[in-house]
1. What residue, of 46, 79, is closer than 24 Å to residue 142 by Cβ and out of contact with any strand residue (DSSP E or B) (no Cβ under 9 Å at 6 or more places or on another chain)?
2. Kindly indicate whether residue 130 is under 30 Å from residue 6 (Cα atoms) and modelled with pLDDT of 95 or more.
3. Residues that are at pLDDT 95 or above and surrounded by 15 or more Cβ atoms within 10 Å (Cβ to Cβ): find the strands (runs of 3 or more DSSP E) completely inside the stretch 14-59 holding 3 or more of those.
4. Can you report the number of residues in the stretch 66-102 which are buried (at least 21 other Cβ atoms within 10 Å of the Cβ) and either part of a loop (DSSP other than H, G, I, E, B) or free of Cβ contacts under 8 Å to residues at least 24 places away in the same chain (or both)?
5. Looking at 63, 120, 137, which one is at pLDDT below 95, outside any loop (DSSP other than H, G, I, E, B) and surrounded by fewer than 20 Cβ atoms within 10 Å (Cβ to Cβ)?
């Protein structure tokens, strides 16, 4: 079996986009965290997946949520990515966002968002893979924030 450090080193060479996934818990409290383990799954029906570590702050919220939003960050939103990946006591304080029809936070100035209905959850090692059917989406122009080799990067074109 491959060594843990070697595995991380190889995976670090795969650049990925950076998202913040948001949801509401059963009491209606906002939850959100930075997620780079996100991808499209199907065009018909429109499905995406996000992978959340069992120890993540948002794990319990997504395990019970019927809906979640994937906010795709722009290159100017690195501070937001850091805020939602760290131990900030209230990640939503003093940031701009609007509410979806279901009440979930859509962060301001993102490149796009996908509002999803959770249709499945699958265990995968130390993570859970959540499958969402996209119910609504919006996009805008700009460049993405990337995660590469353990740090944030911008697209050079």
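The values are calculated or read from the model by the stated rules, or taken from the named source; none is laboratory data. As the structure is a prediction and not an experimental result, all values here were calculated from the model. Methodologically, a virtual Cβ is constructed for each residue, glycine included, from the backbone with ideal geometry; neighbour enumeration extends over all protein chains shown.
1. 79
2. Against the criterion (under 30 Å from residue 6 (Cα atoms) and modelled with pLDDT of 95 or more), residue 130 qualifies.
3. The strands (runs of 3 or more DSSP E) meeting that bar are 19-24, 30-35, 47-53.
4. So the count comes out to 2.
5. Selected residue: 63, the only one of 63, 120, 137 that is at pLDDT below 95, outside any loop (DSSP other than H, G, I, E, B) and surrounded by fewer than 20 Cβ atoms within 10 Å (Cβ to Cβ).
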